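What follows is a short report on a single structure.
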Amino acid sequence: MNMVELPDLRGALRQKGDRCFLDIEVKPGSSKSGFTGFDDWRKRFIVNVRAPALKGRANREVVEIVSKVLGAREVVIESGHAGRSKTVSFKLTDTNDVLERLGTLIS
């Protein structure tokens with residue numbers, strides 16, 4: 001597999017052991033759900049969710065989107081439960097595959 005050359009995106013994705021950590025900025029109450037871009041200043045992927053930020057609905061949708069779009073298992077919100085800036089972790093073996101999928105989604 002070829003190495004994905006996306007240096008600006010790497011700051012938002014880290015791997016530790018068998019887990020990947022992804023920094024995201026969530027926009028609740030959006031008309032469409034999914035990964036929609038990358039914030040160069042914050043070094044976070046932008047994830048729009050339809051659900052409101054109410055009683056964990058937006059967080060549940062974030063977990064569903066990350067799981068579905070990235071093919072990730074065991075998705076957990078590690079930090080930012082009550083805010084828009086979050087770090088999610090998931091079990092996945094190939095960080096380059098994740099970068100490739102994310103690069104395709106936001107290009």
key: Two-decimal ratio, the chain, of alpha-carbon radius of gyration to 2.2 N^0.38 Å   = 0.99
request  = State the extension gain, in nm to one decimal, for the chain segment bounded by Asp39 and Ser67, taking 0.36 nm per residue of separation less the distance between their alpha-carbons.
outcome  = 8.0 nm
Principal-axis tilt of helix 95-106 within the chain, Cα atoms, nearest 10 degrees = 60 degrees
key: Helix 57-70 axis, angle to the chain major axis (alpha carbon atoms, nearest 10°)   = 20 degrees
message = Check which residues have an amide H placed less than 5 Å from Gln15's amide H, if you skip close sequence neighbours.
response = Phe21
query = Taking a spot 7 Å from the Cα of Arg57 along the direction of its beta carbon, which residues of the range 29-44 have an amide N less than 11 Å from it?
reply = 29-30
inquiry  = If packing is taken as the average count of other Cβ atoms within 10 Å, what order do 32-45, 56-69 fall into, highest mean first?
reply    = 56-69, 32-45
inquiry  = With unit charges on the beta carbons (Lys and Arg positive, Asp and Glu negative) and the dipole taken about the Cα centre of the chain, which residue among Thr95, Ala58, Trp41 sits farthest to the positive side?
reply    = Ala58
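Every number here is computed from the coordinates shown, using simple stated rules; none is lab data. Bear in mind the structure is a predicted one, so any value in this text is a computation, not a measurement. Backbone-built Cβ (ideal geometry, glycine too); neighbour counts: all protein chains shown.
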